[in-house]
Amino acid sequence: MLEVPGVSKADVRVTLSTCSWNRVKQITVSGVSRPVFPPLSAAEFADGMMLELTTTRERRFGEFARTFAVPAETNREDVEASIENGILHINVPCGVPVAPKAEDIPIQ
């Protein structure tokens, strides 16, 4: 789950890809968060409206991207994404857990 308050479905993109450096499959969530309040125009700023309109912004806005590694056998058809009330849900099947196995490597 990712919090994306105030971001519409049209402004979010979820992609499945393979990293070109280490060949790990990954999901990237990217998009743009737009400001809630429109910026003042130069005319409004010059007329002194800046003194009347004071806002405090608690949220950042602009472009964002997050990347997560997923199992190598993950296919596009296996991944489900939905957004509701500012929460993006991404479901990725993790497959069968494998017991950790360590093997000694001889030093030459």
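The values are calculated or read from the model by the stated rules, or taken from the named source; none is laboratory data. As the structure is a prediction and not an experimental result, all values here were calculated from the model. Virtual Cβ from ideal backbone geometry, glycine too; neighbours counted across all protein chains shown. The accessibility values were calculated without ligands, DNA or RNA, using every heavy atom of the protein model including side chains. Shrake-Rupley method; radii C 1.70, N 1.55, O 1.52, S 1.80 Å.
Do we find that PRO71 is in contact with a Cys (Cβ under 7 Å, 6 or more places away or on another chain) and not hydrophobic (A, V, I, L, M, F, W, C) in this structure? Here the answer is yes, as PRO71 does meet what is asked.
The set of residues from segment 74-108 being exposed (fewer than 11 other Cβ atoms within 10 Å of the Cβ), charged (D, E, K, R) and over 15 Å from the mean Cα position of the chain (by Cα) comprises ARG76, GLU77, LYS101, GLU103, ASP104. Would you mention how many residues in segment 1-11 are modelled with pLDDT of 90 or more and open to solvent by less than 60 Å² (accessible area, probe 1.4 Å)? Adding up the residues that qualify gives 1. Filter segment 12-38 for residues that are modelled with pLDDT of 90 or more, more than 17 Å from GLU80 (Cα to Cα) and not in a loop (DSSP other than H, G, I, E, B); which is most open to solvent (accessible area, probe 1.4 Å)? Ranking the candidates gives THR18 first. For segment 57-92, filtering for residues that are assigned to a strand (DSSP E or B) and either in contact with a Gly (Cβ under 6 Å, 6 or more places away or on another chain) or among the aromatic types (Phe, Trp, Tyr) (or both) leaves 2.
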